[in-house]
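Below you'll find the structure I mean.
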Amino acid sequence: MKFIQSFLKRFTSYVGEYGKSNLPLLLLVVGCVFMFLPSMFPDFKVLYVLGVWIWPFCFLYYCRLSEHRFSQAILYIFLAVGLCVRFYGVLGVGLEKECLVFTALQACLFWVPFAWDVRYCVKEAPFVNTLVFPTVYGTLNLVFSACDLIPLNNLSYAQYDNRAIFQVLSVVGEFGLTFLITFVGSVAVYVIMHWNRDGAKRIGLGMLLALVAMHAWGIFQMAHDESSDTVRIAQAIGPKVDQRKDGSWETLSYERYLRSFNTLAESAYRERAQMLVFSEEAFAVADSSEGDFIANASEYARKFNMPILLSLGVYDTDNSREGLFQNKVVLINNQGKILYEYNKHKPVPLVESFNLDVGREKLPAVPLEIGGKAHIVSFAICYDGNFSDFLRPLDPKVQLLFIPSWAWDGINDFHYRSLAVRAVEHGVNLVVTSYDGVSLVSDEYGREVNRRPFKDVGYDRLFISDVPTSAHETVYAKNGGFLNYVYLILSLMFIGLGARRTKDGSIEEQAGA
């Protein structure tokens, strides 16, 4: 009996010492798991909401408290593993290997905010240094967006199911909410590091109360909006096309596409739809046939007194565009008149980078009669909507934002949530119609009106959504550009001061204090 008691005492002592000395590494593992776990259980929404608050905190804790000689290399490995698992297949079917390389390279950029944070947040660093990590991380998000890279470090999308906090987007936008999430992690680590110092507990309590207040403000905002009129929108998915072994996509005959369009337009009319919209590249035609196809759509719009947002892929058969492919939408009013043509601006890396005729039109704000009433509508195409800075010039008068989309399993959960961010940033009603993805309708506060996974719709099918039309101009819509530059200026300031401090040796002095 004494032997067992002695063994248990030694064992618990060993476990306690092991846990204490290896806690940073254990938290690093936990952070890595919470980085990729949500994508494995997409219906378990709480994982998305909590995961992005947990993993930055865990990684930061490791950075600041690990005494391992190769701690930064270990951190990068876990970052790369977490990102590669989380975003495996994000570039699409047939590009899995390229996706791993692409994500591993992005992990190098993810590592920068953590590495720079270590230069500042030593044991005796002041509280203001907790701004280093969120500032550099937020700027990195801005840089990704400006360079047309998939903004994988955007954390705001994960709060889609936490609608109260999601409302913060209307004030500070995607970059601001990402800043807030990472700042909370930075403060939490600071409080733990200085738990016995006067004021640390008050700082932690203050941050907690601030988060509670933000939740309360978000709930209050959504509860006091006025009831809105709605328009009846038919959201149509194009016919099925198969991907060939070489990665290219088959093209159906012109007659097959024409038959599909006519059938869907007639179905929308029977469903008493007031407008018909399509998924991205619902129909692919040669440039020589484009005019005839649009003329047919115009005739149906006039015949049924129903505006149509037509989505086309147009092949360059006469080499007038040097062989480049057009991915476009054409807005036709209920009189059959073409109001606006818009080409996709942001090519998906590797998928469209080398063959897309990139659009140069400004974001539209088009007056359109829907159901006998005048509305202001705008639209972008799929990947365009992932970039907050691209949609920032959106006209504040816009009520309905249409985003035809084409998604796949590797990006579905990230994509539709990221597009929903745009609705809250600009206070508009969002209509996403997605081929092989998740179609979504949300109101001006980001509240879900209708969400249809592709498996519930199918090819050559449509469904009806009653879309709200009230909209409002947000604080972010007015001042978002200024806020975005604040992160950049602060980052440059911290980087400059950090380089100077390192040169002067002051960090080493603080670390030894």
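Which numbered condition trips up Gly218, out of (1) at pLDDT 90 or above; (2) crowded, with 21+ Cβ neighbours inside 10 Å; (3) over 22 Å from Trp55 (Cβ atoms)?
Among (1) at pLDDT 90 or above; (2) crowded, with 21+ Cβ neighbours inside 10 Å; (3) over 22 Å from Trp55 (Cβ atoms), the lone unmet condition for Gly218 is (1).
Here's a follow-up. Would you be able to say whether some residue in the range 89-97 is in a helix (DSSP H, G or I), assigned by TED's automatic domain parsing to the domain that holds Ile192, over 20 Å from the mean Cα position of the chain (by Cα) and farther than 20 Å from Leu490 by Cβ?
Looking through the range 89-97, at least one residue is in a helix (DSSP H, G or I), assigned by TED's automatic domain parsing to the domain that holds Ile192, over 20 Å from the mean Cα position of the chain (by Cα) and farther than 20 Å from Leu490 by Cβ.
Further, regarding this structure: Looking at the range 264-318, which of the residues that are in contact with a Gly (Cβ under 7 Å, 6 or more places away or on another chain) and polar (S, T, N, Q) is nearest to Thr251 (Cα to Cα)?
Ser279
Given the options Glu448, Glu425, name the one that is out of contact with any strand residue (DSSP E or B) (no Cβ under 9 Å at 6 or more places or on another chain) and of a type outside the set (Gly, Ala, Ser).
Of the residues listed, the single one that is out of contact with any strand residue (DSSP E or B) (no Cβ under 9 Å at 6 or more places or on another chain) and of a type outside the set (Gly, Ala, Ser) is Glu425.
Out of Val85, Val143, Val118, I need the residue that is outside any loop (DSSP other than H, G, I, E, B), modelled with pLDDT of 85 or more and β-branched (Val, Ile, Thr). Which one?
Val85
Please verify whether the range 95-113 includes one or more residues that are modelled with pLDDT under 85 and among the aliphatic types (A, V, I, L, M).
yes
Condition check ((1) in contact (Cβ under 8 Å) with a residue 24 or more places away in the chain; (2) closer than 30 Å to Cys121 by Cα; (3) of a type in the set (Ser, Thr, Tyr)) across all residues:
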site: Val191; (1), (2), (3): no, yes, no
site: Ile203; (1), (2), (3): yes, yes, no
site: Met214; (1), (2), (3): yes, yes, no
site: Phe220; (1), (2), (3): no, no, no
site: Ile233; (1), (2), (3): yes, no, no
site: Ile237; (1), (2), (3): yes, no, no
site: Lys240; (1), (2), (3): yes, no, no
site: Arg256; (1), (2), (3): no, no, no
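When you scan the range 444-466, how many residues do you find that are surrounded by 21 or more Cβ atoms within 10 Å (Cβ to Cβ) and at pLDDT 95 or above?
Qualifying residue count, the range 444-466: 2.
Of these, Ala104, Ala125, which one is under 30 Å from Ala200 (Cα atoms) and surrounded by fewer than 21 Cβ atoms within 10 Å (Cβ to Cβ)?
Ala125
Continuing with this model, one more query. From the list Phe34, Phe41, Phe57, which one is surrounded by fewer than 15 Cβ atoms within 10 Å (Cβ to Cβ) and either polar (S, T, N, Q) or farther than 22 Å from Asp148 by Cα (or both)?
Residue meeting the stated conditions: Phe41.
Now for a separate question. Of Ser186, Ser170, which residue is assigned to a helix (DSSP H, G or I), under 24 Å from the mean Cα position of the chain (by Cα) and within 19 Å of Val128 (Cα to Cα)?
Being assigned to a helix (DSSP H, G or I), under 24 Å from the mean Cα position of the chain (by Cα) and within 19 Å of Val128 (Cα to Cα) holds for just one of Ser186, Ser170, which is Ser186.
Check the range 395-408 and report whether any residue there is in contact with a Lys or Arg (Cβ under 9 Å, 6 or more places away or on another chain), farther than 23 Å from Leu312 by Cα and surrounded by fewer than 24 Cβ atoms within 10 Å (Cβ to Cβ).
Yes, the range 395-408 contains at least one residue that is in contact with a Lys or Arg (Cβ under 9 Å, 6 or more places away or on another chain), farther than 23 Å from Leu312 by Cα and surrounded by fewer than 24 Cβ atoms within 10 Å (Cβ to Cβ).
Name the pairs whose Cβ atoms lie under 7 Å apart, with the first residue in the range 458-481 and part of a helix (DSSP H, G or I), the second of a type in the set (Val, Ile, Thr) and buried (at least 21 other Cβ atoms within 10 Å of the Cβ), and 6 or more positions between them or separate chains?
As it stands, the answer is Tyr476/Val172, since those pairs meet every condition given.
Turning to a different aspect of this structure: If you scan the range 314-365, which residues turn out to be small (Gly, Ala, Ser) and modelled with pLDDT of 95 or more?
Residues satisfying the conditions are Gly336, Ala365.
Let me ask you something else. Hey, does the range 428-446 have a residue that's touching a helix residue (DSSP H, G or I) at 6+ places or on another chain (Cβ under 6 Å) and farther than 29 Å from Leu140 by Cβ?
Scanning the range 428-446, I find at least one residue that is touching a helix residue (DSSP H, G or I) at 6+ places or on another chain (Cβ under 6 Å) and farther than 29 Å from Leu140 by Cβ, so the answer is yes.
Could you grab me the full set of residues in the range 467-513 that are of a type outside the set (A, V, I, L, M, F, W, C), at pLDDT 70 or above, surrounded by fewer than 17 Cβ atoms within 10 Å (Cβ to Cβ) and out of contact with any Gly (no Cβ under 8 Å at 6 or more places or on another chain)?
Passing the criteria: Ser470, Lys478, Asn479, Gly481, Tyr485.
Here is a list of conditions, (1) closer than 23 Å to Thr178 by Cβ; (2) surrounded by fewer than 17 Cβ atoms within 10 Å (Cβ to Cβ), and Gly51 meets all of them except one; can you say which number that is?
(2)
Go through the range 60-77 and give me each residue that's assigned to a helix (DSSP H, G or I) and either surrounded by fewer than 21 Cβ atoms within 10 Å (Cβ to Cβ) or in contact with a Phe, Trp or Tyr (Cβ under 7 Å, 6 or more places away or on another chain) (or both).
Within the range 60-77, Leu60, Cys63, Leu65, Ser71, Gln72, Ala73, Ile74, Leu75, Tyr76, Ile77 meet the criteria.
With respect to Ser405, determine if the residue is within 26 Å of Arg451 (Cα to Cα), among the small types (Gly, Ala, Ser) and not in a helix (DSSP H, G or I).
yes
Is the range 429-439 home to any residue that is surrounded by fewer than 24 Cβ atoms within 10 Å (Cβ to Cβ), in contact (Cβ under 8 Å) with a residue 60 or more places away in the chain and either out of contact with any strand residue (DSSP E or B) (no Cβ under 9 Å at 6 or more places or on another chain) or assigned to a strand (DSSP E or B) (or both)?
No, the range 429-439 has no match at all.
The values are calculated or read from the model by the stated rules, or taken from the named source; none is laboratory data. Values in this document were obtained by computation on a predicted structure and should not be read as measured data. A quick note on method: Cβ atoms are made from the backbone with ideal geometry, for glycine too, and the neighbour counts reach across all protein chains shown.
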